[in-house]
Amino acid sequence: MQIEPVQGVLETAGFGVPTLNALSPNVHNYTTLLIQPHGDIEVDAAGVRSFDRELAKAQFGGFLADAVETHADLVVTPEYAMPWDVLLNAIRDGTSPSPGKLWVLGCESIKYGELEAAQADIAQHATLLFEPLAADGEKFLGPLAYVFQAPTLGDDDNSNLIILVQFKTNPMGDADHFEVNRLQRGSTIYQFGNFAGQDIKLVSLICSDAFNFLDPEATAVYDRGMVIHIQLNQKPRHEQFRLYRDRLLRFNGDATEIICLNWASNVQLRDGAHQHSWNNIGGSAWYLKPDKFDFRDETLCSNHKLGLYYTWLEKWYVHALFFNYEPTTYLLTATKVAHVGVPAPLSRRRGPQLFRTKLWDDASRSWEEQVRLEDGFTGIVGETGGASANIKHISDLNPFIAERILALCSGKIGTRNDWYKVSKLDSCVIDANEIIFRLTFCQDSEPEACDFRTARLRRCRRLWEILKDDSNLPAALDDLSTGFTFDWKPQSPHQNIISNEGTTATVVYMGEDVSIEQVDAVKKTLEELLHRGSGGPSQSIEALQRLAVWYRDDDSKIVVHRPYAYTQIDMTGDRSALDIGRSE
C-alpha cells in the first residue's frame, strides 16, 4: 500500500487541485450523506454485486438524486454497493457533484477491461482515471470511485467532472479464498487535501485494506485527517479491523476522525444456489475526539431519535457514535475535523448532528423520511415489569435519563460525583472490543450485551415490586405508598424517584449476588454524593433519610440496609456522610 496525493495524479492528467468544502479547515460546517443499504448480495466469478438489480437501480439512483438535491458536501456508499450502470447513467443525465463536493462511492466489482471500456464510453461527460494495471479477464476489481469537480490546470474558471477510481489493495480472508484467488489488487491509496500544508487530509480504506494500514500510514494521516472506511463486512469489529483505528486514535491531539460505513445488518449472501445468512450487526460508526464535543442531552437525544447513538470508547478517550443497523440513508451536519485560523470562541468542534433519516419504502419505491427510528428498546423494556410504562415514557423523552435511572436503581454508579455524564455511565462506555451495552439502543446481539441489559432491567423490575409492597418501605419513605414514578433531574442527579406528593428519593436494589460489604460501599457512596450535592444541612439530612438500599439476604429475604441511620433527632446534617466519627 502506498499513499499518493491526488494532486500529482490530477496534474499529470492536466487538471488542477479541487477545493473541497469538507476539507477546508474553516468554521463553516459541512453536510454528509451516507447510505447503509439492505444486503441481498450475489457473488460469483465475476465479482460482488446486489442480487436484485431493479431494486439496486431504484435505491442507488434515488440516493444520487438526493445527493444533488441536498447539496451534500460528502457522499459515501459502502464497499461493493453502487452499481456502475447507475453511476454512469446518472452522470450522463447530469446528476453529478457540483464544485466543492466529493462523492466517495464504493462500487460493485468490475473487471479491468470493463473499466477501460467505461472510461471511453463516459469520456464526453467525465474523465475517468485509475491506477494502471495489467488487464486480467479472470479477476475482478474492488473499486471505490471518487467523483468531484476539478479545474483545468492553469484555468481555475474551467471545471471538469472527474471520476478517480481507487482499487482494493488487500483481499478479505475467508475459508474459500474468494478474494484471495479472484481479486485483482491495486497498490495505491489516494489522499485528498493538505495541498497547502493546512487543509484537512482525507483517505479511504476499502474493507480489508485496513490490514495493511500500519504505523507509517497512520503517522502520515492522523493529524488533521479524516479516514473513511467502507465495508461489506460480516464482523466489522473483529480485532484485525479495529487495529488501524487504534493506530490512528492513540496519537496525541484531537484532529482525527473516522467514518466507518458498512451494509445494514442481516446480509444475505447468495453463492450460486446457496444462500448464507450472515446474522451480522451493522457496525457503521463515526469516531472523533474533539475536546469541545457537544455532550448536551438535547443534542444527543436528537441524534438518538433519528438513529445515531452515543458511546464513549474508554481506551482512546474517543466519542464513538453508532448508526442504527437498519437499511437507511443519513443526512448529517458536521464540524470540520480541524480548525485553522478560527477564533477560539467560534472553534467549537461539536461533532456530527443527524437531522434527516430515510428508510426505503417498497410501495412507493422511494426513500421516505422518518420521524423516529426504532432503537430496539421497545422490545426489551418489558423486562422492567410494572415499571415498563414509566421507563418507556422516560426513554421516549430522553433515553439518557432512562439510562441514569436504571444505573441508580441497581447501584451501578461508581464513585464519581459526575457519574451521570454520558461518558461516565457504564452502559454508555465501550472498551476495545466495541460491544455496545447501551440499554436504550439495544440492536447489538452480542450475548454479553444482552445479558447486561437483561440484568439491569430485571433489577429495576425487582425494585419496583419492592416499592409496591408497603411493608418494605422504611418510615422516611411512607409517602411512596400513595404512588410514585421513577424520574431524574439534573438539579438532583443522585435521586431517581418522586412520590405523588412531589418529594424525591434515592432507591436501589442490589440483588442477591452481592456481599454486605458491597451493599454498604454503595450506600456510603450515595450518602457522600447526596451530602455534597445538598444545598445545606437540612437538605442534606432530608436527602440521606430518603435513601434506601435493598438487597436479598442469605435467607432470600428482602432487606433494607441501615434504614434508621439518619433518623436520630440530634443529627444536624453538617458533616460528611462518610465521617468516620459518626455513630449509628
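Okay, here's what the table says:
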item: Counted residues, the stretch 488-503 - those being over 20 Å from Gly414 (Cβ atoms) and either part of a loop (DSSP other than H, G, I, E, B) or in contact with a Lys or Arg (Cβ under 7 Å, 6 or more places away or on another chain) (or both); result: 5
item: Search result, residues across the stretch 168-189 that are modelled with pLDDT of 95 or more, buried (at least 20 other Cβ atoms within 10 Å of the Cβ) and out of contact with any Phe, Trp or Tyr (no Cβ under 7 Å at 6 or more places or on another chain); result: Lys168, Thr169, Ile189
item: Lone unmet requirement of (1) modelled with pLDDT of 95 or more; (2) farther than 23 Å from Ser471 by Cα for Ser534; result: (1)
item: Within the stretch 330-348, tally of residues that are surrounded by fewer than 22 Cβ atoms within 10 Å (Cβ to Cβ) and either part of a loop (DSSP other than H, G, I, E, B) or within 20 Å of the chain's Cα centre (by Cα) (or both); result: 9
item: The stretch 66-91, subset in contact with a strand residue (DSSP E or B) (Cβ under 8 Å, 6 or more places away or on another chain) and acidic (Asp, Glu), residue surrounded by the fewest Cβ atoms within 10 Å (Cβ to Cβ); result: Asp66
item: Complete set of residues in the stretch 22-37 that are outside any strand (DSSP E or B) and either outside the structural domain of Gly137 (by TED's automatic domain parsing) or buried (at least 21 other Cβ atoms within 10 Å of the Cβ) (or both); result: Ala22, Leu23, Pro37
item: Cross-chain or 6+ apart pairs with Cβ under 6 Å, the stretch 227-245 first and modelled with pLDDT of 95 or more and of a type in the set (Ser, Thr, Tyr), then crowded, with 22+ Cβ neighbours inside 10 Å and not in a helix (DSSP H, G or I); result: Tyr244/Phe213
item: Hits in the stretch 92-121 (condition: surrounded by 19 or more Cβ atoms within 10 Å (Cβ to Cβ) and among the β-branched types (Val, Ile, Thr)); result: Val104, Ile110
item: Restricting the stretch 436-457 to residues that are surrounded by fewer than 16 Cβ atoms within 10 Å (Cβ to Cβ) and not polar (S, T, N, Q), the residue that is nearest to Gly535 (Cα to Cα); result: Ala455
item: Candidate set from the stretch 475-496 (those that are in contact with a strand residue (DSSP E or B) (Cβ under 7 Å, 6 or more places away or on another chain) and surrounded by 18 or more Cβ atoms within 10 Å (Cβ to Cβ)); member that is farthest from Trp550 (Cα to Cα); result: Ser492
item: When residues of the stretch 399-440 are limited to those that are acidic (Asp, Glu) and part of a loop (DSSP other than H, G, I, E, B), the one nearest to Ile516 (Cα to Cα); result: Asp426
item: Entirely in the stretch 147-260, the helices (runs of 4 or more DSSP H) that have 3 or more residues that are more than 27 Å from the chain's Cα centre (by Cα); result: 178-182
item: Filter result for Pro97 (out of contact with any helix residue (DSSP H, G or I) (no Cβ under 6 Å at 6 or more places or on another chain) and assigned to a loop (DSSP other than H, G, I, E, B)); result: yes
item: Residues of the stretch 9-19 satisfying the condition of being under 21 Å from Thr188 (Cα atoms) and part of a loop (DSSP other than H, G, I, E, B); result: Ala13, Gly14, Gly16, Val17, Pro18
item: Flag if Thr384 is over 19 Å from the mean Cα position of the chain (by Cα), assigned to a helix (DSSP H, G or I) and touching a residue at least 40 places away in the same chain (Cβ under 8 Å); result: yes
item: Evaluation of Cys207 against (1) surrounded by fewer than 22 Cβ atoms within 10 Å (Cβ to Cβ); (2) over 29 Å from Pro399 (Cα atoms); (3) at pLDDT 95 or above (one fails), failing number; result: (1)
item: Candidates Phe140, Phe130, Phe63, filtered to the one that is under 34 Å from the mean Cα position of the chain (by Cα), under 21 Å from Asn181 (Cα atoms) and either crowded, with 17+ Cβ neighbours inside 10 Å or not basic (Lys, Arg) (or both); result: Phe140
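The values are calculated or read from the model by the stated rules, or taken from the named source; none is laboratory data. Bear in mind the structure is a predicted one, so any value in this text is a computation, not a measurement. Backbone-built Cβ (ideal geometry, glycine too); neighbour counts: all protein chains shown.
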